[in-house]
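> If you scroll down you'll find the structure; I have some questions about it.
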Amino acid sequence: MGKIVSAADAVARIKDGAVVTVSSSSGLGCPDAVLKALGARFDAEGHPKGLTTLHPIAAGDMYGIKGIDHIAKDGLLSTILAGSYPSGPSSLPMPEIWKMLTENRVAAYNVPSGILFDMHRDVAARRPGVLTQVGLDTFVDPIRQGCAMNDAAAARPIVHRQELGGQTWLHFPNLVPDVAIIRATTADTRGNLTYEHEGAYLGGLEQAIAVRNHGGLVIAQVKRVTAAGSLRAHDVRVPGHLVDLVVEAPDQMQTTETLYDPAISGEIARPWDSFTPAPHGIEKIVARRAAMELRQGQTANLGFGISALVPRILLEAGQPQAVTWAIEQGATGGMPLLDFAFGCASNAEAYMPSPQQFTYFQGGGFDLSFLSFLEIDAAGNVNVSKLGKKPYLTAGCGGFVDITAHAKKIVFSGLFEAGAEFELSQHGLRVTRQGRFTKIVEAVEHVTFSGTRARETGQDVLYVTERCVMRATEDGLEAFEVMPGIDPRRDIVEASGGRVRVADNARPMCKALLAEAAMGLDL
């Protein structure tokens, strides 16, 4: 039997109770055809059942690439460990995986993406599990939730605290995968894989090695198949001896709502003037203030939300290559993309495999990180990973915990209140209607970032909003810059329920942030 098979034939080899690892990042690199066939087999046969799945980054989205939702079925899925989950607006239906999670029908864990990649490498090398300080004093830590997203998961801990060398570590014991489902662009008939149309390599190689080293099954979904010997050896990212079965899916999407864009896969470079600057408004003002923390020649990490606009601020300033951007999916340099294409970049200078990118992040090798927030509390803790009332509005932590663990400097960006209305002019910002609720809370619902640990380790942390720029001190949050036009007492102190105080020597935020024209940013 050759390696080229149908999706149905491939998933027929997956046994009951298997641990299945899936390579994907939302719609980017998602082996959707194989996951669909797996769900269809269960519907027809009732097998395989009782699967545990590992997803370093989310599999699928809410916009047409179902991913994990193909197998979010009672009986089929028993346990899931994911760095992130499909997310989207409340106007769309809740994904099936979130229904299972919130109804306690599957044991669900949110494990930082980098740690999940580490788990694969340690399993492959037969080391005794991951030992890390990533996640200490956050929801990852067993003194809080220990990564558990529901009661079913809390009853089965996957992480433990351990003292070693006079320091506290988190230990994740090995979980050996039996099956890997990965994706590439081209396979030859010997199973060698190339990624020429992909926007990232992700972690397919590490996942395949982890499975192969324990005698498991590796399934690769590809766009096309070619003859053995026709692929350039230097282009092969996963060698054929690691791949058991290849499934051809000619219509696989490059990423969410993108069939194929050669600029995403680095085959062409776009002119810099083809990228759209950030539209004028409140979010752009916040992104501009965040961008003022950059210096020429730095390397910066970037997260979703308002922070993703920071490269557009440099674009507007005529300095799109003044710093090097590094994102968790692996693109380095170029212009990180927005909205459905977030996680991809055009004009990238290099593509790092995600596991190596996370090693770089976890060790704090970059200069600073731009991240967003859902809520902040008086201790400086940040939540981006859990919203109890509408859980699927957030994807979970993704790489956020890995990135922030040892970052030298972090700039969090967000709006001070939800739903506030403003009058914006070149002279100042006036709140015309207070928001529905403040983002500055007494205690965050989920500690995705620990302000206490940040102070203990000496991290430089800023919280940038449209009204003020804050730091967390031992006495709580303090605003040391205030936007012109903002009433400090009404719009900051009272709007935060007294959780933010304004420094006696607070200075005004730069009025150039408010201009409709380019602000003249000088790095």
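The values are calculated or read from the model by the stated rules, or taken from the named source; none is laboratory data. Remember, it's a predicted structure, so these values are computed and weren't measured experimentally. Because the Cβ atoms are built from the backbone with ideal geometry, glycine has one as well, and the counts that use them run over all protein chains shown. Just so you know, the surface numbers come from the protein's heavy atoms only, side chains and all, with ligands and any DNA or RNA stripped out. Shrake-Rupley method; radii C 1.70, N 1.55, O 1.52, S 1.80 Å.
> For the range 464-514, name all the residues that are assigned to a loop (DSSP other than H, G, I, E, B) and open to solvent by less than 30 Å² (accessible area, probe 1.4 Å).
If the condition is that a residue be assigned to a loop (DSSP other than H, G, I, E, B) and open to solvent by less than 30 Å² (accessible area, probe 1.4 Å), then THR465, GLU466, ARG467, MET483, PRO484, ILE486, ALA495, SER496, MET509 are the ones that fit.
> Moving to a separate point now. For the range 59-81, state whether one or more residues are more than 25 Å from VAL211 (Cβ to Cβ) and more than 18 Å from the chain's Cα centre (by Cα).
Yes: one or more hits.
> Further question on the same structure: State all residues of the range 64-92 that are of a type outside the set (Ser, Thr, Tyr), at pLDDT below 95 and open to solvent by 30 Å² or more (accessible area, probe 1.4 Å); if no residue qualifies, say none.
Selection gives GLY64, PRO89, LEU92.
> Could you run through the range 1-35 and say how many residues are among the charged types (D, E, K, R) and in a loop (DSSP other than H, G, I, E, B)?
Total meeting the criteria: 4.
> While we're here: Can you find, within the range 305-319, the residue that is nearest to SER84 (Cα to Cα) among those that are open to solvent by less than 20 Å² (accessible area, probe 1.4 Å) and either part of a strand (DSSP E or B) or in contact with a helix residue (DSSP H, G or I) (Cβ under 6 Å, 6 or more places away or on another chain) (or both)?
Here the residue is ILE306.
> Could you grab me the full set of residues in the range 277-304 that are small (Gly, Ala, Ser) and buried (at least 20 other Cβ atoms within 10 Å of the Cβ)?
If the condition is that a residue be small (Gly, Ala, Ser) and buried (at least 20 other Cβ atoms within 10 Å of the Cβ), then ALA278, ALA287, ALA290, ALA291, ALA300, GLY303 are the ones that fit.
> Enumerate the pairs (first residue in the range 260-277 and of a type in the set (Phe, Trp, Tyr); second residue anywhere and surrounded by 15 or more Cβ atoms within 10 Å (Cβ to Cβ)) with beta-carbon separation below 7 Å, excluding pairs fewer than 6 apart on the same chain, so at least 6 apart or on different chains.
TYR260/HIS197; TYR260/GLN254; TRP272/LEU315; TRP272/PRO320; PHE275/LEU315; PHE275/MET335
> Let me ask another. Please indicate, with yes or no, whether at least one residue in the range 346-362 is polar (S, T, N, Q), touching a strand residue (DSSP E or B) at 6+ places or on another chain (Cβ under 8 Å) and assigned to a loop (DSSP other than H, G, I, E, B).
Yes, the conditions are met somewhere in the range 346-362.
> Filter the range 320-377 down to the residues that are closer than 30 Å to GLU478 by Cβ, in contact with a Ser or Thr (Cβ under 6 Å, 6 or more places away or on another chain) and of a type in the set (A, V, I, L, M) and list them by number.
Listed by number, the list holds a single entry, LEU371.
> Are any of the residues in the range 45-58 small (Gly, Ala, Ser), out of contact with any Leu (no Cβ under 6 Å at 6 or more places or on another chain), crowded, with 24+ Cβ neighbours inside 10 Å and not in a helix (DSSP H, G or I)?
Yes, the range 45-58 has at least one match.
> Filter the range 365-400 for residues that are aliphatic (A, V, I, L, M) and in a loop (DSSP other than H, G, I, E, B); which is nearest to the chain's Cα centre (by Cα)?
Per the stated criteria, the residue is ALA395.
> List, please: which pairs have Cβ atoms under 6 Å, are six or more places apart or on different chains, and start with a residue in the range 136-157 that is in contact (Cβ under 8 Å) with a residue 12 or more places away in the chain and end with one that is surrounded by fewer than 16 Cβ atoms within 10 Å (Cβ to Cβ) and of a type in the set (A, V, I, L, M)?
ALA148/ALA154
> Let me ask something additional. Which one is farthest from the chain's Cα centre (by Cα), of the residues in the range 18-44 that are in contact (Cβ under 8 Å) with a residue 40 or more places away in the chain and farther than 18 Å from GLY60 by Cα?
ALA18
> Under the condition of being of a type in the set (Ser, Thr, Tyr), open to solvent by 40 Å² or more (accessible area, probe 1.4 Å) and out of contact with any helix residue (DSSP H, G or I) (no Cβ under 8 Å at 6 or more places or on another chain), which residue from the range 332-380 is nearest to LEU309 (Cα to Cα)?
So, considering only residues that are of a type in the set (Ser, Thr, Tyr), open to solvent by 40 Å² or more (accessible area, probe 1.4 Å) and out of contact with any helix residue (DSSP H, G or I) (no Cβ under 8 Å at 6 or more places or on another chain), the one nearest to LEU309 (Cα to Cα) is TYR351.
> If only one of ILE115, ILE97 is of a type in the set (Val, Ile, Thr), under 15 Å from ILE68 (Cβ atoms) and surrounded by 24 or more Cβ atoms within 10 Å (Cβ to Cβ), which one is it?
ILE97
> Just name the residue that is surrounded by the fewest Cβ atoms within 10 Å (Cβ to Cβ) out of those in the range 156-202 that are hydroxyl-bearing (Ser, Thr, Tyr) and more than 26 Å from ALA263 (Cβ to Cβ).
If we take residues in the range 156-202 being hydroxyl-bearing (Ser, Thr, Tyr) and more than 26 Å from ALA263 (Cβ to Cβ), then THR168 is surrounded by the fewest Cβ atoms within 10 Å (Cβ to Cβ).
> For GLN329, only one of the following conditions fails: (1) closer than 23 Å to GLY297 by Cα; (2) of a type outside the set (Ser, Thr, Tyr); (3) not in a loop (DSSP other than H, G, I, E, B). What is its number?
(3)
> Of the numbered conditions (1) closer than 23 Å to GLY204 by Cα; (2) modelled with pLDDT of 95 or more; (3) of a type outside the set (Val, Ile, Thr), PRO95 satisfies every one except a single condition; which is it?
For PRO95, the failing item is (1).
> Going by the conditions given, is ALA208 more than 22 Å from SER25 (Cβ to Cβ) and either within 25 Å of the chain's Cα centre (by Cα) or open to solvent by 60 Å² or more (accessible area, probe 1.4 Å) (or both)?
For ALA208, the condition - more than 22 Å from SER25 (Cβ to Cβ) and either within 25 Å of the chain's Cα centre (by Cα) or open to solvent by 60 Å² or more (accessible area, probe 1.4 Å) (or both) - is not met.
> Can you tell me which condition ILE268 does not meet? The list is (1) closer than 22 Å to CYS30 by Cβ; (2) open to solvent by 50 Å² or more (accessible area, probe 1.4 Å); (3) not basic (Lys, Arg), and all the others hold.
Every listed condition holds for ILE268 apart from (1).
> Would you mind stating whether ASP61 is among the charged types (D, E, K, R), open to solvent by less than 30 Å² (accessible area, probe 1.4 Å) and either at pLDDT below 95 or more than 25 Å from GLY216 (Cα to Cα) (or both)?
yes
> Among the listed residues ALA249, ALA228, which satisfies the condition of being aliphatic (A, V, I, L, M), surrounded by fewer than 16 Cβ atoms within 10 Å (Cβ to Cβ) and touching a residue at least 40 places away in the same chain (Cβ under 8 Å)?
Of ALA249, ALA228, the one residue that is aliphatic (A, V, I, L, M), surrounded by fewer than 16 Cβ atoms within 10 Å (Cβ to Cβ) and touching a residue at least 40 places away in the same chain (Cβ under 8 Å) is ALA228.
> Could you list, in sequence order, all residues of the range 255-303 that are within 28 Å of ALA407 (Cα to Cα) and in contact with a Pro (Cβ under 8 Å, 6 or more places away or on another chain)?
Within the range 255-303, just LEU302 meets the criteria.
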